[in-house]
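Please read the structure below before turning to the comments.
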Amino acid sequence: MATITEAQRVKRINELLGELTKLPPDKQHATIEIPGPGGQSLFCKVITIGVDEVVLNPSSHRIQAQLLDDPEWTKHKADPFGEGAQRIIQRMVREARTPKEFAALKESLAKDGQAEPGVVTSKGVLINANTRAVALRELDEPSKRYIKVAVLPDTMQTAELSLLELHLQMRKEHKAAYTFTNELLFIEELSVKRHMPNQQIAAELDIERGNPDKGAKVIQARLAYLDLIRTIQELPTDKLPLAFFDTVSNEHLEQLHRAWIDVTESDPAEATRILETFLLSVAVGFSDVKKLRKVDPEFIGDYVIPQLEEDELLGAQVARIAATAPDAAKKAPSGVDALLSDPIDDEPEVNLGALVDAVTRDDRKVPVPGPGPAVILDRDDVKGALKTALEVGVREKTRDATATNKLQAPLELMSQAASAVEKCQKACAGVVATDEFGDTRRKTLEVKYKRLLKSVRSIESDLVKMGVVPKKRA
């Protein structure tokens, strides 16, 4: 895909504009009105030019996050209108639509032509209509490989071009919306590079129309969310791409930012655990805002890990990853056996960082730490196990928090616990001692028994203090 030089583009556009003046008025192309600087209108002439005689816009805010995430872009961004850079931009523009949407656009252009012109600078850089240009380039019929564009005056400044793109995007047309992270990057550009006040940014984005002060607060919050995203990007061993966060929302980040900012100075370690918990949940596809409110660092240890341990195969292996000592997670981690070597010791903190690495790593293979033969899990299997444990854990936490009669709840739960132990005793009889049960299951049963014993001793201590049961004599 060879690109023509800027001088060639300028010459070609001037030639086509000059040709318009030679036509009688009733034969000339239309002149269209475009939003200009200071609220004034621009009246720009429309030309028809070969689609390979214009270049795609490297500053398009629809693809900024994708370009920042692409390692190839680093090699070509110094020459954004060169062949290599334009090839990357073309791929990004195409992928901004689903294959079905892009195919429908191509079909429409081939059948009905271009409904309305795009906008191009006097140097041949498209401000909008980049997707239409990419689609037109893929049409087989040479006579269809032309694009109608309105030519801007050469006095337009970079900041004015950014606002023009925004105004054209805000029109209610069949266009793909900016992704979440690209919108945040656009706000940052207007604030940091263009020095635009927050109230004006809110007005340009049509946020809180009629309430400038509230709109300014919204913009300030979104700038803070972008900073928070950049902090979260750095948490895993493999840095996360910006586009990873396109699945989250302002509501997600408002909730997270509030919890994080409350402890970020007083307890930095807890602040990191809050971010890791959020990242773990989103990475496995657990992103329902209402459910996420129930997920905090303690939730992972209290509800998720016990759920994982119920799965004697995959879940137990994922729990082993979470049991790795944090300072050894990336070196020589120990196994899950160390968790309950003494049933009355406090359980070690869940290693959220190791779980985050397991579900965000670039490599699909997830090694399980610990003694014995090497175990390798598939990253998607780990995600699936964690998502299931999160779903079940939220249901249990909801049930625990919404007991219809909190005075009756201790009695009911104690009865359920006693019943569960009796059922377990019957299930063990005649099975555990058999060869078929196996050493692995016996070891797992021992770990679970020690956990049960620890819980019994803990509640016994509490009940003694409450005067419910007598203190044991020495």
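The values are calculated or read from the model by the stated rules, or taken from the named source; none is laboratory data. Remember, predicted model here, so these are calculated numbers, not experimental data. All Cβ positions, glycine included, derive from the backbone under ideal geometry; neighbour counts span all protein chains shown. These area figures cover heavy atoms from the full protein model, side chains too; ligands, DNA and RNA do not enter into them. Shrake-Rupley method; radii C 1.70, N 1.55, O 1.52, S 1.80 Å.
At a glance:
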{"read-out": "Cα centre as origin, Lys/Arg/Asp/Glu Cβ charges: region 66-209 dipole, Debye", "value": "360 debye"}
{"read-out": "Positive-pole candidate from P71, P373, G285, dipole of the chain, charges at beta carbon", "value": "G285"}
{"read-out": "With DNA, RNA and ligands ignored, accessible area of W260 (1.4 Å probe; Å², nearest 10)", "value": "50 Å²"}
{"read-out": "Rounded accessible area of L136 (nearest 10 Å², 1.4 Å probe)", "value": "10 Å²"}
{"read-out": "Most to least accessible of T155, T131, T444 (protein chains only, probe 1.4 Å)", "value": "T155, T444, T131"}
{"read-out": "Crossing angle, helix 158-170 versus the chain [Cα axis fit, 0-90 degrees, rounded to tens]", "value": "70 degrees"}
{"read-out": "Order of exposure, largest accessible area first, which applies to H61, H167 with probe 1.4 Å", "value": "H167, H61"}
{"read-out": "Whole-Å distance, taken between Cα centres, linking region 230-248 and region 405-474", "value": "41 Å"}
{"read-out": "Cα long-axis angle, helix 409-428 against the chain (0 to 90 degrees, to the nearest 10)", "value": "70 degrees"}
{"read-out": "Dipole magnitude (debye, nearest 20) for region 190-256, charges at Cβ of Lys, Arg, Asp, Glu", "value": "240 debye"}
{"read-out": "Nitroxide proxy distance, nm - points 7 Å out along Cα→Cβ at R399 and K11", "value": "7.8 nm"}
{"read-out": "Cα centre as origin, Lys/Arg/Asp/Glu Cβ charges: the chain dipole, Debye", "value": "580 debye"}
{"read-out": "Where labels lie 7 Å past Cα in the beta-carbon direction, separation of K75 and T158 in nm", "value": "2.6 nm"}
{"read-out": "Options A216, L253, Q233, ranked by Cα towards positive dipole end of region 192-322, top entry (Cβ charges)", "value": "A216"}
{"read-out": "Extension gain, A224 back to T444 (0.36 nm per residue minus Cα-Cα distance, nm)", "value": "74.6 nm"}
{"read-out": "Local net charge near L190, Cβ-Cβ under 13 Å (Lys/Arg +1, Asp/Glu -1)", "value": "-3"}
{"read-out": "Taking only Cα atoms of region 259-325, radius of gyration then Dmax in Å", "value": "13.1, 40"}
{"read-out": "Environment charge of S162, counting only residues whose C-beta is closer than 9 Å and scoring Lys/Arg +1, Asp/Glu -1", "value": "-1"}
{"read-out": "Alpha-carbon radius of gyration plus Dmax, which is the widest Cα pair, for the chain in Å", "value": "30.5, 112"}
{"read-out": "Within the chain, helix-based [θ] at 222 nm, where runs of 4 or more DSSP H residues each add -39,500 (n - 2.57), nearest 500", "value": "-16000 deg cm²/dmol"}
{"read-out": "E83-E138 pseudo-label distance in nm [points 7 Å out on the Cα-to-Cβ vector]", "value": "2.2 nm"}
{"read-out": "Dipole axis of region 67-198 (+1 Lys, Arg; -1 Asp, Glu on Cβ), positive-most option in N198, G84, F180", "value": "G84"}
{"read-out": "For K11, solvent-accessible area (1.4 Å; no DNA, RNA or ligand), Å²", "value": "130 Å²"}
{"read-out": "Sequence of T5, T434, T360 when ordered by accessible area, the most exposed leading, probe 1.4 angstrom", "value": "T5, T434, T360"}
{"read-out": "Principal axis box of region 12-129, alpha-carbon based, largest edge first, Å", "value": "51, 33, 30"}
{"read-out": "For region 99-152, accessible area per residue (1.4 Å probe, heavy atoms of protein chains only), Å²", "value": "46 Å²"}
{"read-out": "Within the accessible area of the chain (1.4 Å probe), percent carbon and sulfur", "value": "53 percent"}
